Structure formats: structure tokens, C-alpha cells
Amino acid sequence: MSNSLVDVYGREVNYLRLSVTENCNLSCFYCRSSPETCGAETVKEELLQVEEIYAVVKAAVELGMSRVRLTGGEPLLRPDILDIVRWLTSLKEITDLSLTTNGMLLDKLAFKLADAGLTRVNISLDSLEEANFKKITNGGKLSSTLSGIQKSLEAGLTPVKINMVLLKGINEHEIASFIKLTQNQELDVRFIEYMPVSEQDSWGDLFLPLDRVVEEAAKIAPLISVEGDHGGGPARYYRLQNAVGKIGLISPLSRHFCDRCNRLRVTSDGRLKPCLFSEEEVDLRPYLDDTEKLKKKFVEALIIKPDPEGVSCDSYNRMKQFKGKRTMTQIGG
Ligand code: SAM
């Protein structure tokens, strides 16, 4: 019989998101919120090494977690990323081993990652216009991400999911172009509401509820509600009539899904985070050589996973609750 981790509020927690580095080769203005945090990478000695990552994930799967996502920073910047994937692939309890990336290095790595055992990739892409992409990412090259997407499809890292963070006044005019990507290709495009995670004053200027996406989609073709895959995730899925790919909506603010939260996060310096929007962390580092102690720490984190009822349903009040000390690059999204 398979075991499972269930928290005090009855949520089954089966999904581990693990940041493997804080370094990134892009510098998206809304992600790296302030110049101070921009330079604050994990010091090398604190970064979990391959065997330590393996130890953490082994403890998690022994407790019943079965889905693992590698993230960052940019996970493909880790020179040992293929080793990390190979080590984790050897844990047969993992049914879904995925990775979130900006895609810049996928052109070279997609086939190698697939060979190492990676199941699929999520690729972040906030603009389909060269100049806008460059502005948002602070100098990134759109063509690199686009060829990374193509290589991932060819390598079978499917379904390839594109994550687009909707930013008011920045990329909202591109909603229709993103929706159209799903019409003829096996691409799922997921729109994500911008979230204030650290000390940022400008959130009110960037936040846009995803209702806009539904309105734009309806202008193109009828929108049909469909099941998502890898059940229990935060996205609501739709498909344009006759389209190959799906459209996902992830609305942490306008329709929060804390009552369905199925995840724990590990930062690249080995801290377990029970909730993206809470400052609470459980340090795993002193226990990396002892699976049983690591398991106890996981249970500890589960116990302090916040009460979903305690979260305000009003998005603006909710935003005020979201002032953590870490940036998205440190947590891994
Ligand atoms: N470098 C990888 C990438 O680009 O996907 C992984 C790390 S990145 C922090 C993970 C995701 O978090 C990206 O899709 C990014 O757009 C998203 N993200 C960062 N800051 C965000 C914010 N304030 N609100 C919503 N999503 C955010």
C-alpha cells in the first residue's frame, strides 16, 4: 500500500519543488525585485550538492511524495544538472520528474535531459516580441527560448508547458498571441497572475486578474473547460475549440487555491518552506546524512503549513500578507 502525506487540514501533499540554485542567466524585472537581493546568491558551501539533494528527495518519497520539480534561479546553470536528474530518476517512487526553466539553455540540453530521465519541462516565457522580451528579462534573447521550446518538443519532454506571467501594461497586449500558440502545437500555455512575494511597492501597478485571458480567448474561438493533467495542481484548464494544446489559468490572488495546496518547497540552501507566502522555514541542513531525521523535519513542516481558512480571499488584502524576505529566484517560484 502506498503511503501519503496529509496535513492537519486534510490536504494531500505529494509534490516537492526543489530549487537547485539561486543564480539565473536572466534578470526579469518583476522576479529579482531589488538590486540588493539581485547579488545575494547562495554562497557555494550552502548549496545542496547532488547527493544531498538525493537525500532530501529520498526522504520525501519515502513519506509518500511522488512528484518532483527542479527549479531555481535557473536550474540549467548547475553544471551537474544531468547528474541531479540521473540520481533522482533512480528513485522509482517518483512518477513525475519535471523542471522549470527559462529555456535559454534547452537548445543544447533538451535531449540530454530526456536521456537522463527527465519527464517534462515548464518553460517561462513572458513575451513573444523580441524587444519586449529583452526589456522584461533585462537583455535576454527571445530566439534562444523559442529554440529551446522547439528542442523540448522534439526530445519528447511533453507536455511542454509555457508559463506566462501576466503583467499589466507590459505584456497584456500579447494575450491573444499566446493563446494562439495552443492552436496547432502540443503546447499548453499557462497564464499566471503576478504575485508580490518580497518587499515590492509596485505590485499594484503590475497585477492583472486572469479574467482578461478568458475574454480574449472567447474572441478567438469557443473556450471549453477541460481536465488538467498531473491532478491537483493550481491551474484551471481550457481548450479553444479544435486546438491541440490547452490554456491554463493560475490565479493565486483573484481565486486562491490554498485549500488545494499539495506542495512543499526546498530552497537551494536546504530550507524547507511549508508555504510560498510565509516566512517560516525548517532547516534541513543539519540532518542531511540521516533519512529518518529528514523525514521528521518534513512532518514538522507539514504541521506548520498555514490554515487555508486564515488566508484572506480578498486579493488586495491577501497581497499585504505576502511580504516574505526571499525573492522568487531564491524560492524557485
Ligand atoms: N529560471 C526558471 C524560469 O525562468 O522558469 C525558474 C525560476 S523562476 C523564479 C520560476 C517562475 O516564477 C517563472 O515562471 C517566473 O515567471 C515566476 N515568477 C517569478 N516572480 C514571480 C512573481 N512575482 N509572480 C508570479 N510569478 C513569478
Report, ordered by the first and then the second residue, all pairs with beta carbons closer than 6 Å, sequence separation of six or more or different chains, a first member in the range 287-312 that is farther than 14 Å from Asp7 by Cα and of a type in the set (Ser, Thr, Tyr), and a second member that is at pLDDT below 90 and not in a loop (DSSP other than H, G, I, E, B). Ser312/Arg318
If I filter the range 218-235 down to residues being among the small types (Gly, Ala, Ser), open to solvent by 40 Å² or more (accessible area, probe 1.4 Å) and assigned to a loop (DSSP other than H, G, I, E, B), which single residue comes out as modelled with the lowest pLDDT? Gly231
Could you check Glu45 against (1) at pLDDT below 95; (2) part of a loop (DSSP other than H, G, I, E, B); (3) away from the ligand (no atom under 16 Å from the Cβ) and say which number it fails? (2)
Does Leu77 satisfy the condition of being within 16 Å of the ligand (Cβ to nearest atom) and at pLDDT below 95? no
Restricting the range 4-25 to residues that are buried (at least 21 other Cβ atoms within 10 Å of the Cβ), assigned to a loop (DSSP other than H, G, I, E, B) and within 15 Å of the ligand (Cβ to nearest atom), which is modelled with the lowest pLDDT? Glu22
Does any residue in the range 192-217 that is open to solvent by 30 Å² or more (accessible area, probe 1.4 Å) and within 11 Å of the ligand (Cβ to nearest atom) come within less than 9 Å, Cβ to Cβ, of a residue that is small (Gly, Ala, Ser) and at pLDDT below 90 six or more places away or on a different chain, and which pairs are these? Ser202/Ser33
Name the single residue, out of those in the range 175-187 being out of contact with any helix residue (DSSP H, G or I) (no Cβ under 6 Å at 6 or more places or on another chain) and in a helix (DSSP H, G or I), that is most open to solvent (accessible area, probe 1.4 Å). Asn184
Name the single residue that is modelled with the lowest pLDDT among those in the range 244-287 being of a type in the set (D, E, K, R), assigned to a loop (DSSP other than H, G, I, E, B) and under 29 Å from Glu215 (Cα atoms). Arg255
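Results for (1) more than 20 Å from Thr291 (Cα to Cα); (2) more than 16 Å from the ligand (Cβ to nearest atom), shown as yes or no for each residue.
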residue	(1), (2)
Val50	no, yes
Tyr54	no, yes
Ala60	no, yes
Met65	no, yes
Val68	no, no
Gly73	yes, no
Ile81	yes, no
Ile84	no, no
Trp87	no, yes
Got at least one residue in the range 148-161 being within 15 Å of the ligand (Cβ to nearest atom), at pLDDT 95 or above and polar (S, T, N, Q)? yes
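The values are calculated or read from the model by the stated rules, or taken from the named source; none is laboratory data. If you're wondering where the values come from, they're calculated on a predicted model, not measured in any experiment. Ideal geometry is used to build each Cβ from the backbone, glycine not excepted, and the neighbour counts take in all protein chains shown. Ligands, DNA and RNA are excluded from the accessible area calculation, which covers all protein heavy atoms including side chains. Shrake-Rupley method; radii C 1.70, N 1.55, O 1.52, S 1.80 Å.
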